[in-house]
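As structure tokens, the structure follows; a few thoughts come after it.
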Amino acid sequence: MAYIKRDLESKFLSLSNEYSCLLLNGPRQIGKTTMLKQLSQPGREYVSLDDFEERKLAKTDPALFFQAHSAPMIIDEVQYAPELFTYIKIAVDNGAAPGSFWLTGSQTFKLMALAQESLAGRTAILRMSAFSQHEIYGKGDCAEFAVEWEALKVRKSNGEPTDMNGIYRRIWNGSMPGLVSGKFKDRDVFYSSYLQSYIERDVQDQIALEDPLQFGDFIRAAAARTGQMLNIHNIAQDVGVSDDTAKRWLSVLEKSGVIYYLRPYSNNLLKRTVKTPKLYFFDTGLVAYLTRYSSPEILSNGALNGALLENYVVSELLKTYHNNARECLLWYYLDKQNNEIDMVMEKDGALHPLEVKRSVNPGSELIGTFSVLSKASVPVSTGAVLCMRPELTMINANHYIVPIWMI
């Protein structure tokens, strides 16, 4: 299959010229290994710890492992052998060349903890997601999303316009490389196999499951609540587990990069805001599969059409930051008077309120709630309505209408 260029490539190569060790983390099957192999020059060795013999050697005799395999190298799924980190640290401290160790892993939080414990200050840590819509449909470079008029005009030239039907097709198709590349044709079989592999490898590695099928039902119950404020008790009731079990299982989904919590915005001057996060999935195709939408057309008219559109916008916005190796400061706003803003992004010391609407012609009244942020201690700057309108335009000098295909 033809290789699809990743937006993270240039940043990864740039950092590889500076750091001896780079750690690329993200969920399974989102193209980490494929990208690193594509970027590798001849002579870089590849070792996968999914191979049980290699994993056994790495865990029981890491010194011998590094005699058998020498830098520069790629070590895939490195979380399976944390014993290697001490030896990598020693090699880095002894002057290992830039780019000596390219590491990948699919248990994000575990990897972060291992890296911070053993390789703090010695490794560049990057987050990778499944394909962004820019990687699939766009062209040129893609900077992180910014609510700034000139930057938005550049985004417009690099995106691929589409209408509401096209956006819902993108949502339904999802962003997993195996499907996007055309390697796998049957979407339902792909996602079924993906979930089975994920539960058997990542979930079982973190918690003991008496009934793996029940965990599958649990993911489905969570998917049905995408875009909603988190209610652990309701999800637990759906599958017949305790609240503590549901909380632990959600933690596994978060740690392995399947779900994302969008937390509420508040500061010392906004004391009447809610405290509960919202639940989102990184891949909307997985949500559409789990909630049994059999086509984009049925999805666009279904009960979850608004929630999945919001989920898509949140995940695509986050990907633009991951792909530029930057942190995205993103929240939602809801106070006890039910004033709500879908997203609040902080960038360059200012707040940018964002509203997501399914409408082609959103009205200016949608920005009315933005004024509640004026009480915050951080200054409020430009805001936007992200919607189905085909063209970039302005509501006024400080508020824009941005097509979702531009993110």
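The values are calculated or read from the model by the stated rules, or taken from the named source; none is laboratory data. It should be emphasised that the depicted structure is a prediction, and the values quoted were computed from it without experimental measurement. Cβ sites come from the backbone with ideal geometry, for glycine too, and all protein chains shown count toward neighbours.
Checking each residue in the stretch 332-360 for being within 21 Å of Trp405 (Cα to Cα), touching a Phe, Trp or Tyr at 6+ places or on another chain (Cβ under 7 Å) and surrounded by fewer than 20 Cβ atoms within 10 Å (Cβ to Cβ) picks out no residue at all. Tallying residues that are under 13 Å from Val313 (Cα atoms) and either assigned to a loop (DSSP other than H, G, I, E, B) or modelled with pLDDT under 90 (or both) within the stretch 339-387 yields 2. Within the stretch 117-127, the set of residues being in a loop (DSSP other than H, G, I, E, B) and either among the polar types (S, T, N, Q) or modelled with pLDDT of 95 or more (or both) is empty. Cβ-Cβ distances below 7 Å connect the following pairs, each with a first residue in the stretch 293-314 that is surrounded by fewer than 18 Cβ atoms within 10 Å (Cβ to Cβ), a second residue that is among the aliphatic types (A, V, I, L, M), and a separation of six or more residues or different chains: Asn305/Leu299. Here is a list: Leu103, Leu119. Which entry is crowded, with 18+ Cβ neighbours inside 10 Å, outside the structural domain of Gly349 (by TED's automatic domain parsing) and touching a Lys or Arg at 6+ places or on another chain (Cβ under 7 Å)? Sole residue among the options that is crowded, with 18+ Cβ neighbours inside 10 Å, outside the structural domain of Gly349 (by TED's automatic domain parsing) and touching a Lys or Arg at 6+ places or on another chain (Cβ under 7 Å): Leu119. Look at (1) in a strand (DSSP E or B); (2) at pLDDT below 95 and you find that Leu330 fails only one, number (2).
Pick from Val180, Val203, Val154, Val189: which is out of contact with any helix residue (DSSP H, G or I) (no Cβ under 8 Å at 6 or more places or on another chain), in the same structural domain as Met343 (by TED's automatic domain parsing) and within 26 Å of Ala307 (Cβ to Cβ)? Quick ask: steps written out before the conclusion?
Working: Val180 fails: out of contact with any helix residue (DSSP H, G or I) (no Cβ under 8 Å at 6 or more places or on another chain); Val203 fails: out of contact with any helix residue (DSSP H, G or I) (no Cβ under 8 Å at 6 or more places or on another chain); Val154 fails: within 26 Å of Ala307 (Cβ to Cβ).
Exactly one of Val180, Val203, Val154, Val189 is out of contact with any helix residue (DSSP H, G or I) (no Cβ under 8 Å at 6 or more places or on another chain), in the same structural domain as Met343 (by TED's automatic domain parsing) and within 26 Å of Ala307 (Cβ to Cβ), namely Val189.
Cβ separations smaller than 7 Å between residues 6+ apart or across chains give the following pairs from the stretch 376-389 residues that are in the same structural domain as Ile171 (by TED's automatic domain parsing) to residues that are surrounded by fewer than 23 Cβ atoms within 10 Å (Cβ to Cβ) and of a type in the set (Lys, Arg): Val385/Lys357; Cys387/Lys357; Met388/Arg358.
Give the residues of the stretch 270-288 that are touching an Asp or Glu at 6+ places or on another chain (Cβ under 6 Å) and either β-branched (Val, Ile, Thr) or modelled with pLDDT of 80 or more (or both), sorted by residue number. Explain how you work it out, then say what you get.
Taking the stretch 270-288 as the starting set, the residues that turn out to be touching an Asp or Glu at 6+ places or on another chain (Cβ under 6 Å) are 272-273.
Once the filter is applied, which keeps residues that are touching an Asp or Glu at 6+ places or on another chain (Cβ under 6 Å) and either β-branched (Val, Ile, Thr) or modelled with pLDDT of 80 or more (or both), the stretch 270-288 yields only Thr273.
Collect the residues in the stretch 205-221 that are closer than 15 Å to Ala246 by Cα and in a helix (DSSP H, G or I), keeping them in residue-number order. Across the stretch 205-221, the qualifying residues are Gln206, Pro212, Leu213, Gln214, Phe215, Gly216, Asp217, Phe218, Ile219, Arg220, Ala221.
Every residue, every condition in (1) within 25 Å of the chain's Cα centre (by Cα); (2) surrounded by fewer than 17 Cβ atoms within 10 Å (Cβ to Cβ); (3) free of Cβ contacts under 8 Å to residues at least 24 places away in the same chain, yes or no:
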residue: Asp7; (1), (2), (3): yes, no, no
residue: Ser16; (1), (2), (3): yes, no, no
residue: Leu24; (1), (2), (3): yes, no, no
residue: Lys37; (1), (2), (3): yes, yes, no
residue: Leu57; (1), (2), (3): no, no, yes
residue: Gln79; (1), (2), (3): yes, no, no
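For the stretch 182-192, the criterion of being basic (Lys, Arg), within 19 Å of the chain's Cα centre (by Cα) and farther than 30 Å from Ala397 by Cβ is satisfied by no residue at all. Only residues that are of a type in the set (A, V, I, L, M) and within 20 Å of Arg389 (Cβ to Cβ) were counted across the stretch 318-344, and they come to 2.
Can you spot a residue in the stretch 187-209 that is in contact with a strand residue (DSSP E or B) (Cβ under 8 Å, 6 or more places away or on another chain) and buried (at least 18 other Cβ atoms within 10 Å of the Cβ)? Working first, answer last.
Taking the stretch 187-209 and keeping what is in contact with a strand residue (DSSP E or B) (Cβ under 8 Å, 6 or more places away or on another chain), we get none.
There is no residue in the stretch 187-209 that is in contact with a strand residue (DSSP E or B) (Cβ under 8 Å, 6 or more places away or on another chain) and buried (at least 18 other Cβ atoms within 10 Å of the Cβ).
This table checks each residue for (1) touching a Gly at 6+ places or on another chain (Cβ under 9 Å); (2) of a type in the set (Phe, Trp, Tyr); (3) under 14 Å from Ala143 (Cβ atoms); (4) in the same structural domain as Trp172 (by TED's automatic domain parsing).
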| residue | (1), (2), (3), (4) |
| --- | --- |
| Glu310 | yes, no, no, yes |
| Asn324 | no, no, yes, yes |
| Trp331 | no, yes, no, yes |
| Gln337 | no, no, no, yes |
| His352 | yes, no, no, yes |
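Only residues that are within 16 Å of Leu286 (Cβ to Cβ) and either at pLDDT below 95 or more than 19 Å from the chain's Cα centre (by Cα) (or both) were counted in the stretch 202-238, giving 7.
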